[in-house]
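*Asks:* Dumping the structure here so I can ask a few things about it.
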Amino acid sequence: MIKMVIELDEEKIAREDQYDVAEMWKHIDAYFQEKRIPKISTGVYAGRGLPSDFGNIGGFYIRFHRCDWFVDNVLVWDWYNSDGEDDPEDFRVESFLPLLAKDRLGVG
């Protein structure tokens, strides 16, 4: 099973008053809805066990990693993967934040 967990810094968003947090979640949710990836709860999206899950969930990075409104306000951006494990709830967790930081710095 594959899933993605996202947490926005809603306090920072409110304090800076530059973006509307509800609109931000609306755009995030719309991506996963378009890809038919179920929303489990706010910021939690889980694959359906289909071969397309990997590309559809991973594609979120491609679409959003250069959106300033997202990258400037994301606190948690984790990829959960239990493919190949005996227990589908035995996840390996990787954060996209270090990759995002390297990308923004233009490092390798």
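*Asks:* I need the full set of residues from the stretch 11-41 which are touching a strand residue (DSSP E or B) at 6+ places or on another chain (Cβ under 9 Å) and over 16 Å from Phe64 (Cβ atoms), in order please.
*Replies:* Lys12, Pro38, Ile40 - these are the residues of the stretch 11-41 that are touching a strand residue (DSSP E or B) at 6+ places or on another chain (Cβ under 9 Å) and over 16 Å from Phe64 (Cβ atoms).
*Asks:* Turning to a different aspect of this structure: Contact list please: Cβ distance under 6 Å, first residue in the stretch 17-34 and of a type in the set (A, V, I, L, M, F, W, C), second residue crowded, with 16+ Cβ neighbours inside 10 Å, pairs at least six apart or on different chains.
*Replies:* Val21/Ile13; Phe32/Tyr45
*Asks:* Which of (1) loosely packed, with under 15 Cβ neighbours inside 10 Å; (2) at positive phi is the odd one out, the single condition Lys26 does not satisfy?
*Replies:* Result: Lys26 fails condition (2) only.
*Asks:* Go through the stretch 30-71 and count every residue that is charged (D, E, K, R), surrounded by 15 or more Cβ atoms within 10 Å (Cβ to Cβ) and farther than 18 Å from Phe91 by Cβ.
*Replies:* Qualifying residue count for the region: 1.
*Asks:* What are the residues in the stretch 14-71 that are hydroxyl-bearing (Ser, Thr, Tyr) and assigned to a loop (DSSP other than H, G, I, E, B), if any?
*Replies:* Passing the criteria: Tyr19, Thr42, Ser52.
Every read-out reported here was derived from the displayed coordinates using simple, explicitly stated rules and does not represent laboratory data. These figures come from a predicted structure and were not determined experimentally. Quick reminder, even Gly has a Cβ in these numbers, built from the backbone with ideal geometry, and neighbours come from all protein chains shown.
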